[in-house]
Amino acid sequence: MHEIINPATEEVVATVPASTRQDVDAAVVRAARAQTGWAALAPGDRARHLRRFAAAVDAHLEELALLEVREAGHPIGNARWEAGNARDLLDYAASGVERLTGSQIPVAGGLNVTFHEPLGVVAVIAPWNFPMPIAAWGLAPALAAGNAVLLKPAETTPLTALRLAELALEAGLPEGLFQVLPGDGPVAGDALVEHPGVAKVVFTGSTAVGKQIMAKCAAHVKRVTLELGGKSPNIVFADADVERAAAAAPGSFLDNTGQDCCARSRILVQRSVYDRFMELLEPAVRAFTVGDPTDPATRMGPLISAAHRERVRAYVREDAPAAIRGEAPAGKGFWYPATVLEAAPDDRTATEEIFGPVAVVIPFEDEAEAVRIANATDYGLSGSIWTRDVGRAIRVSRAVAAGNLSVNSHSSVRYWTPFGGFKRSGLGRELGPGALAAFTETKNVFISTEETL
Ligand code: NAD
(Lines give C-alpha, C1' and ligand atoms only; values in the text may rest on other atoms or scores of the structure.)
Protein backbone atom coordinates (compact mmCIF):
# COMPACT_ATOMS: atom_id res chain seq x y z
CA MET A 1 0.00 0.00 0.00
CA HIS A 2 1.16 3.53 -0.78
CA GLU A 3 -0.04 6.57 1.09
CA ILE A 4 -0.52 9.44 -1.31
CA ILE A 5 0.56 12.68 0.37
CA ASN A 6 -0.51 16.19 -0.60
CA PRO A 7 2.90 17.91 -0.90
CA ALA A 8 1.46 21.30 0.08
CA THR A 9 -0.18 20.14 3.32
CA GLU A 10 1.47 16.76 4.10
CA GLU A 11 -2.04 15.28 4.50
CA VAL A 12 -2.71 11.71 3.34
CA VAL A 13 -5.20 12.09 0.47
CA ALA A 14 -5.51 8.40 -0.50
CA THR A 15 -4.12 4.93 0.03
CA VAL A 16 -3.41 2.96 -3.12
CA PRO A 17 -2.45 -0.72 -3.37
CA ALA A 18 0.92 -1.61 -4.88
CA SER A 19 0.71 -4.00 -7.84
CA THR A 20 2.60 -7.27 -7.58
CA ARG A 21 4.35 -9.25 -10.31
CA GLN A 22 1.29 -11.55 -10.38
CA ASP A 23 -0.94 -8.49 -10.98
CA VAL A 24 1.27 -7.58 -13.93
CA ASP A 25 1.05 -11.12 -15.37
CA ALA A 26 -2.76 -11.07 -15.14
CA ALA A 27 -2.94 -7.57 -16.65
CA VAL A 28 -0.83 -8.61 -19.65
CA VAL A 29 -3.20 -11.53 -20.35
CA ARG A 30 -6.28 -9.25 -20.18
CA ALA A 31 -4.57 -6.59 -22.31
CA ALA A 32 -3.52 -9.06 -25.01
CA ARG A 33 -7.09 -10.36 -25.22
CA ALA A 34 -8.55 -6.84 -25.54
CA GLN A 35 -5.92 -5.76 -28.07
CA THR A 36 -6.88 -8.37 -30.65
CA GLY A 37 -10.41 -7.03 -30.99
CA TRP A 38 -9.29 -3.41 -30.76
CA ALA A 39 -6.76 -3.76 -33.60
CA ALA A 40 -9.42 -5.42 -35.76
CA LEU A 41 -11.84 -2.49 -35.42
CA ALA A 42 -12.38 -0.28 -38.45
CA PRO A 43 -10.10 2.78 -38.10
CA GLY A 44 -13.11 5.09 -37.89
CA ASP A 45 -14.53 3.10 -34.98
CA ARG A 46 -11.23 3.23 -33.11
CA ALA A 47 -11.10 6.99 -33.67
CA ARG A 48 -14.69 7.38 -32.41
CA HIS A 49 -13.83 5.53 -29.18
CA LEU A 50 -10.84 7.81 -28.60
CA ARG A 51 -12.93 10.93 -29.25
CA ARG A 52 -15.44 9.72 -26.68
CA PHE A 53 -12.56 9.16 -24.23
CA ALA A 54 -11.33 12.72 -24.94
CA ALA A 55 -14.86 14.04 -24.34
CA ALA A 56 -15.02 12.17 -21.01
CA VAL A 57 -11.71 13.77 -19.97
CA ASP A 58 -13.08 17.15 -21.04
CA ALA A 59 -16.24 16.65 -18.97
CA HIS A 60 -14.08 15.87 -15.90
CA LEU A 61 -11.33 18.41 -16.53
CA GLU A 62 -11.72 20.28 -13.25
CA GLU A 63 -11.91 17.05 -11.23
CA LEU A 64 -8.72 15.74 -12.86
CA ALA A 65 -6.97 19.08 -12.35
CA LEU A 66 -7.88 19.08 -8.64
CA LEU A 67 -6.57 15.53 -8.27
CA GLU A 68 -3.26 16.69 -9.78
CA VAL A 69 -3.19 19.59 -7.30
CA ARG A 70 -3.73 17.22 -4.38
CA GLU A 71 -1.28 14.49 -5.33
CA ALA A 72 1.46 16.56 -7.01
CA GLY A 73 1.06 20.03 -5.44
CA HIS A 74 0.79 21.72 -8.84
CA PRO A 75 -0.80 25.17 -8.99
CA ILE A 76 -4.39 24.85 -10.20
CA GLY A 77 -3.73 26.89 -13.37
CA ASN A 78 -0.95 24.49 -14.39
CA ALA A 79 -3.03 21.44 -13.46
CA ARG A 80 -5.88 22.64 -15.71
CA TRP A 81 -3.40 22.94 -18.58
CA GLU A 82 -2.18 19.38 -17.86
CA ALA A 83 -5.67 17.88 -17.94
CA GLY A 84 -6.36 19.82 -21.15
CA ASN A 85 -3.14 18.48 -22.65
CA ALA A 86 -4.27 14.88 -21.99
CA ARG A 87 -7.64 15.61 -23.61
CA ASP A 88 -6.07 17.33 -26.64
CA LEU A 89 -3.66 14.49 -27.17
CA LEU A 90 -6.48 11.94 -27.21
CA ASP A 91 -8.25 14.07 -29.83
CA TYR A 92 -5.06 14.49 -31.85
CA ALA A 93 -4.33 10.76 -31.75
CA ALA A 94 -7.92 10.02 -32.81
CA SER A 95 -7.42 12.24 -35.85
CA GLY A 96 -4.33 10.20 -36.75
CA VAL A 97 -5.97 6.77 -36.87
CA GLU A 98 -7.24 7.14 -40.44
CA ARG A 99 -4.04 8.91 -41.53
CA LEU A 100 -1.71 6.11 -40.45
CA THR A 101 -1.12 5.15 -44.04
CA GLY A 102 1.52 2.88 -45.48
CA SER A 103 3.16 3.45 -48.85
CA GLN A 104 3.29 1.92 -52.29
CA ILE A 105 6.83 1.53 -53.63
CA PRO A 106 7.49 0.95 -57.35
CA VAL A 107 8.86 -2.53 -58.14
CA ALA A 108 8.97 -4.75 -61.22
CA GLY A 109 6.60 -7.69 -61.53
CA GLY A 110 4.18 -6.79 -58.81
CA LEU A 111 2.85 -4.43 -56.23
CA ASN A 112 4.85 -3.50 -53.14
CA VAL A 113 2.98 -2.00 -50.20
CA THR A 114 3.77 -1.27 -46.57
CA PHE A 115 1.49 -1.57 -43.53
CA HIS A 116 1.78 -0.19 -40.01
CA GLU A 117 1.01 -3.13 -37.73
CA PRO A 118 0.32 -2.48 -34.04
CA LEU A 119 2.93 -3.83 -31.63
CA GLY A 120 0.50 -5.50 -29.19
CA VAL A 121 0.77 -4.66 -25.50
CA VAL A 122 2.69 -1.50 -24.63
CA ALA A 123 3.92 -0.48 -21.16
CA VAL A 124 4.03 3.21 -20.27
CA ILE A 125 6.11 3.96 -17.16
CA ALA A 126 5.50 7.53 -16.03
CA PRO A 127 7.24 9.90 -13.59
CA TRP A 128 5.62 12.08 -10.93
CA ASN A 129 6.51 15.48 -12.31
CA PHE A 130 3.79 15.71 -15.00
CA PRO A 131 1.68 12.63 -14.21
CA MET A 132 -1.24 13.31 -16.56
CA PRO A 133 0.37 14.70 -19.72
CA ILE A 134 3.17 12.15 -19.74
CA ALA A 135 0.76 9.26 -19.24
CA ALA A 136 -1.27 10.60 -22.19
CA TRP A 137 1.81 11.07 -24.43
CA GLY A 138 2.24 7.30 -24.50
CA LEU A 139 -1.33 6.19 -23.95
CA ALA A 140 -3.11 8.18 -26.69
CA PRO A 141 -0.94 7.36 -29.73
CA ALA A 142 -0.39 3.75 -28.61
CA LEU A 143 -4.15 3.14 -28.41
CA ALA A 144 -4.76 4.99 -31.67
CA ALA A 145 -2.25 2.74 -33.45
CA GLY A 146 -4.15 -0.36 -32.28
CA ASN A 147 -2.26 -1.36 -29.12
CA ALA A 148 -3.30 -2.09 -25.54
CA VAL A 149 -1.63 -0.02 -22.81
CA LEU A 150 -0.50 -0.88 -19.29
CA LEU A 151 0.35 2.33 -17.42
CA LYS A 152 2.63 2.28 -14.36
CA PRO A 153 2.35 5.71 -12.71
CA ALA A 154 4.95 6.94 -10.22
CA GLU A 155 4.58 5.76 -6.62
CA THR A 156 3.63 9.26 -5.42
CA THR A 157 1.14 10.21 -8.17
CA PRO A 158 -1.20 7.39 -9.27
CA LEU A 159 -4.56 9.16 -8.75
CA THR A 160 -5.05 10.89 -12.10
CA ALA A 161 -3.93 7.74 -13.92
CA LEU A 162 -6.48 5.63 -12.05
CA ARG A 163 -9.22 8.16 -12.82
CA LEU A 164 -8.26 8.23 -16.51
CA ALA A 165 -8.68 4.44 -16.65
CA GLU A 166 -12.19 4.75 -15.16
CA LEU A 167 -13.07 7.43 -17.70
CA ALA A 168 -11.84 5.21 -20.54
CA LEU A 169 -14.26 2.48 -19.44
CA GLU A 170 -17.10 4.99 -19.05
CA ALA A 171 -16.34 6.17 -22.60
CA GLY A 172 -16.81 2.60 -23.87
CA LEU A 173 -13.21 1.47 -24.43
CA PRO A 174 -13.00 -2.33 -24.15
CA GLU A 175 -12.24 -3.74 -20.72
CA GLY A 176 -8.55 -4.58 -20.33
CA LEU A 177 -7.40 -2.34 -23.18
CA PHE A 178 -6.06 0.35 -20.86
CA GLN A 179 -5.11 -0.70 -17.34
CA VAL A 180 -3.25 1.14 -14.60
CA LEU A 181 -0.79 -0.73 -12.37
CA PRO A 182 0.16 1.55 -9.48
CA GLY A 183 3.12 0.43 -7.41
CA ASP A 184 6.86 0.35 -7.01
CA GLY A 185 9.22 0.83 -9.92
CA PRO A 186 11.49 -2.10 -9.05
CA VAL A 187 8.44 -4.41 -8.71
CA ALA A 188 5.52 -3.47 -11.01
CA GLY A 189 7.70 -1.38 -13.36
CA ASP A 190 10.38 -4.05 -13.59
CA ALA A 191 7.79 -6.81 -14.14
CA LEU A 192 6.46 -4.86 -17.15
CA VAL A 193 9.95 -4.35 -18.56
CA GLU A 194 10.81 -8.05 -18.16
CA HIS A 195 7.47 -9.46 -19.33
CA PRO A 196 7.74 -11.28 -22.68
CA GLY A 197 4.15 -10.28 -23.49
CA VAL A 198 5.02 -6.57 -23.43
CA ALA A 199 6.23 -5.49 -26.87
CA LYS A 200 7.40 -1.96 -26.09
CA VAL A 201 8.30 0.12 -23.06
CA VAL A 202 7.88 3.88 -23.06
CA PHE A 203 9.79 5.13 -20.07
CA THR A 204 9.89 8.72 -18.83
CA GLY A 205 12.06 9.29 -15.80
CA SER A 206 15.63 9.59 -14.64
CA THR A 207 18.61 8.75 -16.83
CA ALA A 208 19.86 6.27 -14.20
CA VAL A 209 16.69 4.16 -14.31
CA GLY A 210 16.38 4.66 -18.09
CA LYS A 211 19.79 3.01 -18.60
CA GLN A 212 18.73 -0.04 -16.56
CA ILE A 213 15.49 -0.33 -18.50
CA MET A 214 17.27 -0.06 -21.84
CA ALA A 215 19.67 -2.85 -20.82
CA LYS A 216 16.77 -5.10 -19.79
CA CYS A 217 14.89 -4.34 -23.01
CA ALA A 218 18.03 -5.26 -24.97
CA ALA A 219 17.89 -8.78 -23.54
CA HIS A 220 14.47 -9.24 -25.17
CA VAL A 221 15.14 -6.98 -28.20
CA LYS A 222 12.14 -5.11 -26.83
CA ARG A 223 11.22 -1.76 -28.38
CA VAL A 224 11.94 1.14 -26.06
CA THR A 225 11.44 4.89 -26.03
CA LEU A 226 13.28 6.82 -23.32
CA GLU A 227 12.44 10.36 -22.19
CA LEU A 228 15.07 11.14 -19.57
CA GLY A 229 16.62 14.03 -17.70
CA GLY A 230 17.81 17.44 -18.80
CA LYS A 231 20.01 20.39 -17.84
CA SER A 232 18.94 22.86 -20.46
CA PRO A 233 20.64 26.15 -21.31
CA ASN A 234 18.93 29.52 -21.59
CA ILE A 235 21.37 31.56 -23.69
CA VAL A 236 20.96 35.33 -23.57
CA PHE A 237 23.01 37.26 -26.12
CA ALA A 238 23.79 40.97 -25.75
CA ASP A 239 21.78 41.73 -28.89
CA ALA A 240 18.59 40.25 -27.36
CA ASP A 241 15.66 42.11 -25.87
CA VAL A 242 17.26 41.71 -22.44
CA GLU A 243 14.16 43.01 -20.60
CA ARG A 244 12.01 40.35 -22.23
CA ALA A 245 14.60 37.61 -21.67
CA ALA A 246 14.86 38.48 -17.95
CA ALA A 247 11.09 38.68 -17.52
CA ALA A 248 10.65 35.24 -19.10
CA ALA A 249 13.56 33.51 -17.33
CA PRO A 250 11.87 32.77 -13.95
CA GLY A 251 9.06 30.75 -15.55
CA SER A 252 11.60 28.71 -17.49
CA PHE A 253 13.19 27.25 -14.34
CA LEU A 254 10.51 27.77 -11.67
CA ASP A 255 7.45 26.38 -13.43
CA ASN A 256 6.46 23.10 -11.79
CA THR A 257 8.88 24.12 -9.00
CA GLY A 258 11.72 23.31 -11.38
CA GLN A 259 10.65 19.66 -11.54
CA ASP A 260 10.58 19.90 -15.30
CA CYS A 261 12.81 17.88 -17.62
CA CYS A 262 12.90 20.95 -19.92
CA ALA A 263 13.71 23.47 -17.16
CA ARG A 264 16.20 26.06 -18.41
CA SER A 265 18.30 25.68 -15.29
CA ARG A 266 21.58 26.94 -16.80
CA ILE A 267 21.28 30.63 -17.63
CA LEU A 268 24.16 31.70 -19.88
CA VAL A 269 24.43 35.47 -20.25
CA GLN A 270 26.80 37.41 -22.50
CA ARG A 271 29.17 39.30 -20.23
CA SER A 272 28.41 42.80 -21.61
CA VAL A 273 24.75 42.54 -20.44
CA TYR A 274 25.32 40.28 -17.42
CA ASP A 275 24.87 42.96 -14.72
CA ARG A 276 21.81 44.43 -16.42
CA PHE A 277 20.25 40.97 -16.78
CA MET A 278 20.84 40.12 -13.10
CA GLU A 279 19.33 43.45 -12.01
CA LEU A 280 16.19 42.59 -13.96
CA LEU A 281 16.12 38.92 -12.98
CA GLU A 282 15.99 39.50 -9.23
CA PRO A 283 12.58 41.29 -9.08
CA ALA A 284 11.20 38.91 -11.70
CA VAL A 285 12.11 35.90 -9.52
CA ARG A 286 10.66 37.56 -6.42
CA ALA A 287 7.41 38.29 -8.28
CA PHE A 288 6.92 34.59 -9.05
CA THR A 289 4.12 33.88 -6.55
CA VAL A 290 4.77 30.90 -4.28
CA GLY A 291 2.13 29.33 -2.05
CA ASP A 292 -1.24 27.60 -1.88
CA PRO A 293 -1.62 25.55 -5.10
CA THR A 294 -5.42 25.91 -5.01
CA ASP A 295 -5.13 29.71 -5.35
CA PRO A 296 -5.35 30.65 -9.07
CA ALA A 297 -2.75 33.41 -8.50
CA THR A 298 -0.10 30.88 -7.38
CA ARG A 299 2.66 30.14 -9.88
CA MET A 300 4.90 27.85 -7.82
CA GLY A 301 3.90 25.07 -5.40
CA PRO A 302 5.97 22.76 -3.19
CA LEU A 303 8.39 20.02 -4.21
CA ILE A 304 6.89 16.54 -4.56
CA SER A 305 8.14 15.01 -1.28
CA ALA A 306 10.31 15.45 1.78
CA ALA A 307 12.86 13.03 0.28
CA HIS A 308 13.08 15.05 -2.92
CA ARG A 309 13.51 18.28 -0.94
CA GLU A 310 16.47 16.67 0.83
CA ARG A 311 17.93 15.82 -2.58
CA VAL A 312 17.61 19.44 -3.71
CA ARG A 313 19.03 20.68 -0.40
CA ALA A 314 22.06 18.45 -0.83
CA TYR A 315 22.97 20.48 -3.93
CA VAL A 316 22.45 23.90 -2.36
CA ARG A 317 23.37 24.51 1.22
CA GLU A 318 20.84 27.01 2.54
CA ASP A 319 23.58 29.16 4.02
CA ALA A 320 25.52 29.12 0.74
CA PRO A 321 25.83 32.54 -0.91
CA ALA A 322 23.20 32.83 -3.63
CA ALA A 323 22.83 35.54 -6.25
CA ILE A 324 19.07 35.41 -5.68
CA ARG A 325 17.08 33.56 -3.05
CA GLY A 326 13.31 33.88 -3.00
CA GLU A 327 10.78 33.23 -0.26
CA ALA A 328 9.09 29.94 0.63
CA PRO A 329 6.19 29.37 3.04
CA ALA A 330 7.08 28.05 6.50
CA GLY A 331 5.26 25.17 8.21
CA LYS A 332 3.68 22.13 6.60
CA GLY A 333 4.52 21.30 2.98
CA PHE A 334 7.69 20.49 1.07
CA TRP A 335 8.56 24.09 0.19
CA TYR A 336 11.84 25.27 -1.25
CA PRO A 337 12.73 28.84 -2.25
CA ALA A 338 13.58 29.92 -5.79
CA THR A 339 17.37 30.05 -5.91
CA VAL A 340 19.86 31.40 -8.45
CA LEU A 341 23.54 30.57 -7.99
CA GLU A 342 26.55 32.03 -9.75
CA ALA A 343 28.53 29.03 -11.02
CA ALA A 344 31.42 27.91 -13.17
CA PRO A 345 30.42 25.75 -16.16
CA ASP A 346 31.87 22.58 -14.59
CA ASP A 347 30.41 23.00 -11.09
CA ARG A 348 28.17 20.13 -10.01
CA THR A 349 25.22 22.54 -9.79
CA ALA A 350 25.85 23.47 -13.43
CA THR A 351 26.14 19.96 -14.85
CA GLU A 352 23.73 17.75 -12.84
CA GLU A 353 19.95 17.83 -12.93
CA ILE A 354 18.78 19.24 -9.57
CA PHE A 355 15.07 19.03 -10.46
CA GLY A 356 14.11 21.84 -8.11
CA PRO A 357 13.65 25.65 -8.34
CA VAL A 358 17.37 26.22 -8.69
CA ALA A 359 19.21 27.78 -11.63
CA VAL A 360 22.84 28.64 -12.16
CA VAL A 361 23.94 31.72 -14.04
CA ILE A 362 27.17 31.69 -16.06
CA PRO A 363 28.70 34.54 -18.08
CA PHE A 364 30.15 33.99 -21.59
CA GLU A 365 32.19 36.13 -23.98
CA ASP A 366 31.06 35.21 -27.48
CA GLU A 367 28.90 32.88 -29.56
CA ALA A 368 31.50 30.10 -29.72
CA GLU A 369 31.88 30.06 -25.96
CA ALA A 370 28.09 30.07 -25.44
CA VAL A 371 27.73 27.00 -27.66
CA ARG A 372 30.65 25.26 -25.97
CA ILE A 373 29.17 25.76 -22.49
CA ALA A 374 25.66 24.87 -23.69
CA ASN A 375 26.95 21.54 -25.00
CA ALA A 376 29.20 20.78 -21.99
CA THR A 377 26.71 18.38 -20.41
CA ASP A 378 25.64 14.79 -20.90
CA TYR A 379 22.08 15.96 -21.44
CA GLY A 380 20.46 17.37 -24.58
CA LEU A 381 16.76 17.82 -24.09
CA SER A 382 15.91 21.45 -24.70
CA GLY A 383 17.16 25.02 -24.57
CA SER A 384 16.42 28.65 -25.38
CA ILE A 385 18.29 31.25 -27.41
CA TRP A 386 17.59 34.96 -26.97
CA THR A 387 18.87 37.15 -29.80
CA ARG A 388 17.56 39.63 -32.39
CA ASP A 389 20.03 38.35 -35.01
CA VAL A 390 18.24 35.83 -37.25
CA GLY A 391 21.46 34.33 -38.55
CA ARG A 392 22.75 33.78 -35.01
CA ALA A 393 19.42 32.28 -33.95
CA ILE A 394 19.69 29.70 -36.72
CA ARG A 395 23.44 29.05 -36.28
CA VAL A 396 23.15 28.49 -32.53
CA SER A 397 19.96 26.39 -32.88
CA ARG A 398 21.85 24.09 -35.24
CA ALA A 399 24.96 23.98 -33.03
CA VAL A 400 23.30 23.18 -29.70
CA ALA A 401 22.89 19.41 -29.29
CA ALA A 402 19.34 19.24 -27.98
CA GLY A 403 16.02 17.92 -29.23
CA ASN A 404 13.78 20.92 -28.49
CA LEU A 405 15.00 24.48 -28.88
CA SER A 406 13.15 27.77 -28.81
CA VAL A 407 14.24 31.20 -29.95
CA ASN A 408 13.04 34.22 -27.94
CA SER A 409 10.71 31.86 -26.10
CA HIS A 410 10.84 28.99 -23.62
CA SER A 411 8.12 26.93 -25.19
CA SER A 412 9.14 23.26 -25.60
CA VAL A 413 6.04 21.13 -25.84
CA ARG A 414 3.26 21.10 -28.38
CA TYR A 415 1.48 17.80 -28.84
CA TRP A 416 1.57 18.13 -32.63
CA THR A 417 5.36 18.65 -32.83
CA PRO A 418 8.03 16.01 -32.08
CA PHE A 419 9.59 15.87 -28.63
CA GLY A 420 12.63 13.99 -27.31
CA GLY A 421 16.24 14.18 -26.30
CA PHE A 422 19.74 14.07 -27.74
CA LYS A 423 22.56 12.31 -25.87
CA ARG A 424 21.58 11.00 -22.40
CA SER A 425 18.27 12.83 -22.44
CA GLY A 426 16.63 9.98 -24.25
CA LEU A 427 16.03 7.80 -27.23
CA GLY A 428 13.26 8.15 -29.80
CA ARG A 429 10.60 10.83 -30.16
CA GLU A 430 7.10 11.25 -28.81
CA LEU A 431 4.26 13.51 -29.97
CA GLY A 432 4.07 15.11 -33.40
CA PRO A 433 3.21 13.59 -36.76
CA GLY A 434 5.26 10.42 -36.07
CA ALA A 435 3.61 9.64 -32.71
CA LEU A 436 1.36 6.80 -33.88
CA ALA A 437 3.94 5.18 -36.16
CA ALA A 438 6.27 4.84 -33.14
CA PHE A 439 3.80 2.25 -31.81
CA THR A 440 3.83 0.11 -34.94
CA GLU A 441 6.07 -2.22 -36.90
CA THR A 442 6.40 -1.51 -40.60
CA LYS A 443 5.52 -4.54 -42.68
CA ASN A 444 6.50 -4.76 -46.33
CA VAL A 445 4.39 -6.94 -48.64
CA PHE A 446 5.20 -7.79 -52.26
CA ILE A 447 2.32 -9.13 -54.38
CA SER A 448 3.35 -10.69 -57.65
CA THR A 449 1.39 -9.65 -60.73
CA GLU A 450 2.91 -12.40 -62.87
CA GLU A 451 0.30 -14.42 -64.75
CA THR A 452 -0.09 -17.87 -63.24
CA LEU A 453 1.09 -20.64 -65.56
P1 NAD B 1 12.41 7.76 -11.80
O2 NAD B 1 13.35 7.30 -12.84
O3 NAD B 1 12.77 7.59 -10.38
O4 NAD B 1 10.99 7.04 -11.96
C5 NAD B 1 10.21 7.13 -13.13
C6 NAD B 1 9.26 5.96 -13.17
O7 NAD B 1 10.01 4.76 -13.29
C8 NAD B 1 8.38 5.79 -11.92
O9 NAD B 1 7.11 5.33 -12.31
C10 NAD B 1 9.13 4.71 -11.15
O11 NAD B 1 8.28 3.98 -10.29
C12 NAD B 1 9.63 3.84 -12.28
N13 NAD B 1 10.80 3.02 -11.94
C14 NAD B 1 11.76 3.27 -11.02
N15 NAD B 1 12.65 2.25 -10.98
C16 NAD B 1 12.26 1.35 -11.91
C17 NAD B 1 12.77 0.10 -12.36
N18 NAD B 1 13.88 -0.42 -11.84
N19 NAD B 1 12.12 -0.55 -13.33
C20 NAD B 1 11.01 -0.02 -13.90
N21 NAD B 1 10.46 1.15 -13.52
C22 NAD B 1 11.09 1.84 -12.54
O23 NAD B 1 12.13 9.29 -12.17
P24 NAD B 1 11.26 10.35 -11.38
O25 NAD B 1 12.04 10.78 -10.20
O26 NAD B 1 9.87 9.84 -11.16
O27 NAD B 1 11.14 11.51 -12.47
C28 NAD B 1 12.07 12.51 -12.57
C29 NAD B 1 12.96 12.31 -13.77
O30 NAD B 1 12.17 12.19 -14.95
C31 NAD B 1 13.86 13.48 -14.04
O32 NAD B 1 15.16 13.04 -14.34
C33 NAD B 1 13.23 14.15 -15.26
O34 NAD B 1 14.13 14.92 -16.02
C35 NAD B 1 12.70 12.99 -15.98
N36 NAD B 1 11.66 13.41 -16.93
C37 NAD B 1 11.91 13.38 -18.28
C38 NAD B 1 10.96 13.81 -19.19
C39 NAD B 1 11.20 13.80 -20.68
O40 NAD B 1 10.24 13.88 -21.43
N41 NAD B 1 12.44 13.72 -21.15
C42 NAD B 1 9.73 14.25 -18.72
C43 NAD B 1 9.49 14.26 -17.36
C44 NAD B 1 10.47 13.83 -16.48
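The values are calculated or read from the model by the stated rules, or taken from the named source; none is laboratory data. Remember, it's a predicted structure, so these values are computed and weren't measured experimentally. Cβ atoms come from the backbone with ideal geometry, glycine included; neighbour counts cover every protein chain shown.
Of all residues in segment 287-342, those being assigned to a loop (DSSP other than H, G, I, E, B) and of a type in the set (A, V, I, L, M, F, W, C) number 14. The number of residues in segment 174-210 that are without any contact (Cβ under 8 Å) to a residue 40 or more places away in the chain and more than 22 Å from residue 132 (Cα to Cα) comes to 3.
Each row is one residue, and each column tells you yes or no for (1) over 26 Å from residue 259 (Cα atoms); (2) free of Cβ contacts under 8 Å to residues at least 60 places away in the same chain.
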| site | (1), (2) |
| --- | --- |
| 61 | no, yes |
| 65 | no, yes |
| 77 | no, no |
| 91 | yes, yes |
| 94 | yes, yes |
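Kindly indicate whether any position in segment 380-390 is within 16 Å of the ligand (Cβ to nearest atom), in contact (Cβ under 8 Å) with a residue 60 or more places away in the chain and of a type outside the set (Gly, Ala, Ser). Looking through segment 380-390, at least one residue is within 16 Å of the ligand (Cβ to nearest atom), in contact (Cβ under 8 Å) with a residue 60 or more places away in the chain and of a type outside the set (Gly, Ala, Ser). Considering only residues that are free of Cβ contacts under 8 Å to residues at least 24 places away in the same chain and of a type outside the set (D, E, K, R), look in segment 1-40 and name the one that is surrounded by the fewest Cβ atoms within 10 Å (Cβ to Cβ). Checked segment 1-40; the qualifying residue surrounded by the fewest Cβ atoms within 10 Å (Cβ to Cβ) is 1. Scan segment 412-422 and tell me whether some residue there is assigned to a strand (DSSP E or B) and not charged (D, E, K, R). Checking segment 412-422: at least one residue is assigned to a strand (DSSP E or B) and not charged (D, E, K, R). Taking residues in segment 226-244 that are modelled with pLDDT of 95 or more, and partners anywhere that are assigned to a loop (DSSP other than H, G, I, E, B) and basic (Lys, Arg), the pairs with Cβ atoms closer than 7 Å and at least 6 places apart or on different chains are 232/264; 233/264; 234/264; 239/388; 240/388; 241/388. For segment 304-340, the set of residues classified as at pLDDT 95 or above and over 18 Å from residue 289 (Cα atoms) consists of 305, 306, 307, 308, 309, 310, 311, 312, listed by residue number.
Residues checked against (1) surrounded by 23 or more Cβ atoms within 10 Å (Cβ to Cβ); (2) in contact with a strand residue (DSSP E or B) (Cβ under 8 Å, 6 or more places away or on another chain):
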| position | (1), (2) |
| --- | --- |
| 284 | no, no |
| 297 | no, no |
| 308 | no, no |
| 316 | no, yes |
| 347 | no, yes |
| 355 | yes, no |
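I want to confirm something. Restricting to segment 130-145 and keeping residues that are surrounded by 24 or more Cβ atoms within 10 Å (Cβ to Cβ) and not aliphatic (A, V, I, L, M), which single residue is nearest to the ligand (Cβ to nearest atom)?
130
Of all the criteria given as (1) touching a residue at least 40 places away in the same chain (Cβ under 8 Å); (2) out of contact with any helix residue (DSSP H, G or I) (no Cβ under 6 Å at 6 or more places or on another chain); (3) of a type in the set (Phe, Trp, Tyr), the one not satisfied by residue 53 is (2). Screening residue 99 on (1) more than 25 Å from residue 59 (Cβ to Cβ); (2) in contact with a helix residue (DSSP H, G or I) (Cβ under 6 Å, 6 or more places away or on another chain) shows it passes everything except condition (2).
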